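Scroll down for the structure; my scribbles are underneath it.
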Amino acid sequence: MITYSPEHRVFSLSTDRTTYAFLAAPGGFLVHLHYGARVSDTDALVALTALRDRPSFQPQTPDEAPGAAGTFFSRDTALQELSGFNTGDFRPAGLRIRWSDGSCAADLRYVSHSVAPGKPEPDGLPSAFAGKDPGVETLDVLCADAARGARVHLLYTVFPACDVIARSVLVENDTSEPFTLESLASAQLDLPDDRYDLLQLPGAWARERHAERVPLAHGERRLRSVRGATGHTMNNAFALLAPDASETAGDAYGLVLCYSGNFEASLDVSSFGSTRATVGISPETFSWTLAPGASFQSPEVFLVHSAEGTGAMSRRLHDFFRGHLLDPRWATRARPALVNNWEATYFDFDTEKLLSIARAAAPLGIEMLVLDDGWFGHRHDDRRSLGDWYEFAGKIGDMADLVRQIHDLGLKFGLWFEPEMVSEDSDLYRAHPDWALSIPGRGRSLARHQLVLDFSRDEVVDAIADTILRLLRRAKVDYLKYDMNRNHTEAFGAAFPPERQGEVEHRFILGVYRLHRKLLEGMPQLLIEGCSGGGGRFDAGMLRYTPQIWCSDDSDALERLRIQAGTSLFYPCSAIGAHVSACPNHQIGRTSPFETRATVALAGTFGYELDLTKLPAEDLAAIPGQIADFHRFAPVLLAGDHYRLFPAWRDNPVEAWMFVSKDKSRAILSAVRRAAVPNIPDERLRLQGLDPAARYEVGDEIWHGDTLLHAGLPLHRLLANLDTASLRLYLRRIDAPAS
Ligand code: DGJ
């Protein structure tokens, strides 16, 4: 619910368990009051605003003091909703505008506001939607620059049941001169404390999103990407935690940027007992000129707070993603259990090989074959043919024929593309060398022997979309794996004049989103799996179009524990692409039990990434049981609650997690032991999320919910003391709690 108290000029945004409040202070400053667990009297929060005389190095504005006469408001120390620049707040700015006279400044003041049910969806950007929730409301706070009058809308949408607030900023040029946005944060969150831990998701190829928890200290810390994509090295979702917060208790603030291009998040601990988080498009590669009458909207940021630690923070975000971001056609629908040929064959396959895998897959219960890289142009290897999206006749002949044969076996069919890329050795490049990103007079840097197409140009996106759609339709393809295997260099838009080059990277990512929309509009039943060399573009923006993303090229079960736990901090497990692959593992050489590989992959979308025709007989025999578990687990995983039983930011000796249905009648418990322990102590594993008053069937034993929650299961009896041993149990409530 969103309320405004005219007497105190306080805005109060409440969700089921949180309150977000701010003040339109005299002078028009938007002063942040509170974000956290619910408070009922938000007017009283005005008394908490800092009003005191400051030295001259914190500029004062006595004529605009928000409180009693004689008190002072310093823009440099106050908590604010979106701070300007060059007008007295020396912390990282939320908005910087370069005006036509060359000055760079911004000074936002409140003008008016409105509240409307539902949520507007911005043009061209992925964004959350109200869905079926009648409680969703949007607050539009109109501000203007004190000197020039540009209109700046601070937009807040409240999703009460998930405790999420979506924020974005819309800037309109209602002046008579053009001006340039030099930075625009999607949201700024000023918190009244200087002791937070940052929970972030750094990584690299094959070890994405290894959660890391570090105390913030005075000064600024930045998380960023200028790769043209979110990237493997730092995700654009992060959290601020109270120092004592754990998975089950304490204040946790999550911030998730709904964007897939260059981003920056700044965490700044001030000298006046506060912490500022700003997040949005990276100002390093961005500027945007607005002609009179033009407007620009930032991507959205999703804010969530939990007073019950990171576990509840994640669960609220998972509910939010499933109800308000993922395509409703797929959000809680089981995806096909698939077999992908990449690690089975790499580039070395033909129709007969693919059919042999499909023939082996069908009787086991596998539901789809995904044909990965290598089926097009003359793609013998990764040196050629990207952009030539027609069949490699020497390998597979007619695609429609192949798909028909796969369909006849009872399987769906998926196909790999890398739409944003072009090889120098390709017909596409020979026809349109100017379509690749490059700076005139500089060389074009190759990575994996490929160049990046200039997706800031509509005609390039349209041509790629038409080519792909034609093939998908002709061949009746069910599923598309959308890959992206290098980052941007020499980013320059040949179609734009020098003064608009700062728009190119943002326009590029708008082009990527437009391609996804065209594909989905052209083939509404299509399921798209996102991918970028594994998880190099795992973000909320892509999840709007691709309800699942290949989480990492590292498919080793133990490595995946850390990657998937980190990913689950913000993103729902149903979106985590996870497969059982062959051993010794292709990335790291480790051998782990087939069942352990399945246990880990069953915490995601589930499938196989191996050559079924070469699998040992005992592994093949295990597959139907694993597929049966996949179907039994799917409703709980897709719509239930996820619990990490150990912190995601550590390598724990045993990793354990649960999925619990919303009515608590079903649960899945999984655990993996990293390494055998000599002379092992007894181990108790306390479960979470169950009904304390009910009894549960756990395998073939009966346990009380309160015993499982408060005393625990004897893990040493259930989980073998062997390297990489695993446990997978289905829990069923056998009696409802006494009323
Ligand atoms: C990177 C992906 O992550 C892999 O799964 C595979 O599709 C290769 N690209 C193919 O080039």
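The values are calculated or read from the model by the stated rules, or taken from the named source; none is laboratory data. In this text the structure is predicted, and so the values were computed from the model without any measurement. For neighbour counting, all protein chains shown are included, and Cβ atoms are generated from backbone atoms with ideal geometry for every residue, glycine included. We work out accessible area using only protein heavy atoms, side chains counted, and drop any ligands, DNA or RNA first. Shrake-Rupley method; radii C 1.70, N 1.55, O 1.52, S 1.80 Å.
Here are the numbers for this structure:
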quantity: Qualifying residue in region 48-59 (condition: modelled with pLDDT of 95 or more, in a loop (DSSP other than H, G, I, E, B) and open to solvent by 50 Å² or more (accessible area, probe 1.4 Å)); calculated: no
quantity: Condition check for residue 582: open to solvent by less than 30 Å² (accessible area, probe 1.4 Å), of a type in the set (A, V, I, L, M) and in contact with a helix residue (DSSP H, G or I) (Cβ under 9 Å, 6 or more places away or on another chain); calculated: yes
quantity: Out of 130, 116, sole residue that is in contact with a Pro (Cβ under 9 Å, 6 or more places away or on another chain) and over 29 Å from residue 500 (Cα atoms); calculated: 130
quantity: Any chance residue 499 is touching a His at 6+ places or on another chain (Cβ under 8 Å), touching a residue at least 60 places away in the same chain (Cβ under 8 Å), under 21 Å from residue 439 (Cα atoms) and of a type in the set (D, E, K, R); calculated: no
quantity: Residue that is nearest to the ligand (Cβ to nearest atom), among those in region 526-572 that are charged (D, E, K, R) and not in a helix (DSSP H, G or I); calculated: 553
quantity: Some residue of region 352-363 being in contact with a Phe, Trp or Tyr (Cβ under 9 Å, 6 or more places away or on another chain), within 23 Å of residue 624 (Cα to Cα), within 13 Å of the ligand (Cβ to nearest atom) and open to solvent by less than 50 Å² (accessible area, probe 1.4 Å); calculated: no
quantity: Residues of region 611-626 satisfying the condition of being in a helix (DSSP H, G or I) and open to solvent by 10 Å² or more (accessible area, probe 1.4 Å); calculated: 613, 614, 617, 618, 619, 620, 621, 622, 624, 625
quantity: Test result for residue 376, crowded, with 22+ Cβ neighbours inside 10 Å and without any contact (Cβ under 8 Å) to a residue 40 or more places away in the chain; calculated: yes
quantity: Unmet criterion (only one of (1) under 30 Å from residue 162 (Cα atoms); (2) free of Cβ contacts under 8 Å to residues at least 24 places away in the same chain) for residue 299; calculated: (2)
quantity: Filtered residues of region 699-714 (kept if under 34 Å from the mean Cα position of the chain (by Cα) and surrounded by fewer than 20 Cβ atoms within 10 Å (Cβ to Cβ)); calculated: 709, 710, 712
quantity: Options 166, 204, 187: the member that is closer than 28 Å to residue 76 by Cβ and in contact (Cβ under 8 Å) with a residue 24 or more places away in the chain; calculated: 187
quantity: Single condition residue 726 does not satisfy, out of (1) small (Gly, Ala, Ser); (2) under 21 Å from residue 602 (Cα atoms); (3) out of contact with any Ser or Thr (no Cβ under 7 Å at 6 or more places or on another chain); calculated: (3)
quantity: Selection from region 692-727 of residues that are within 21 Å of residue 655 (Cα to Cα) and either polar (S, T, N, Q) or in contact with a His (Cβ under 7 Å, 6 or more places away or on another chain) (or both); calculated: 707, 721, 724, 726
quantity: Unmet criterion (only one of (1) surrounded by fewer than 20 Cβ atoms within 10 Å (Cβ to Cβ); (2) at positive phi; (3) within 13 Å of the ligand (Cβ to nearest atom)) for residue 381; calculated: (2)
quantity: Checking residue 370 against (1) near the ligand (Cβ under 10 Å from one of its atoms); (2) touching a Phe, Trp or Tyr at 6+ places or on another chain (Cβ under 7 Å); (3) assigned to a loop (DSSP other than H, G, I, E, B), the condition it does not meet; calculated: (3)
quantity: Entirely in region 181-254, the strands (runs of 3 or more DSSP E) that have 1 or more residues that are out of contact with any His (no Cβ under 8 Å at 6 or more places or on another chain), farther than 14 Å from residue 268 by Cα and open to solvent by less than 10 Å² (accessible area, probe 1.4 Å); calculated: 197-200, 219-225, 237-241
quantity: Pairs where the first residue, in region 438-450, is among the small types (Gly, Ala, Ser) and the second is assigned to a loop (DSSP other than H, G, I, E, B), C-beta under 7 Å, 6+ apart; calculated: 438/444; 438/490; 438/492; 445/489; 445/490; 447/486
quantity: Contacts under 9 angstrom Cβ, first residue in region 341-357 being closer than 20 Å to residue 398 by Cβ, partner assigned to a helix (DSSP H, G or I) and within 12 Å of the ligand (Cβ to nearest atom), 6 or more apart; calculated: 353/344; 353/345; 354/345; 357/344; 357/345
quantity: Failed condition for residue 680, given (1) within 14 Å of residue 318 (Cα to Cα); (2) of a type in the set (A, V, I, L, M); (3) loosely packed, with under 15 Cβ neighbours inside 10 Å; calculated: (1)
quantity: Residues of region 7-30 that turn out to be open to solvent by 10 Å² or more (accessible area, probe 1.4 Å) and either at pLDDT below 95 or closer than 21 Å to residue 73 by Cα (or both), as a count; calculated: 6
quantity: Subset of region 384-402 that is assigned to a loop (DSSP other than H, G, I, E, B) and more than 12 Å from the ligand (Cβ to nearest atom) - its residue that is most open to solvent (accessible area, probe 1.4 Å); calculated: 390
quantity: Test result for residue 668, in a strand (DSSP E or B) and open to solvent by 50 Å² or more (accessible area, probe 1.4 Å); calculated: no
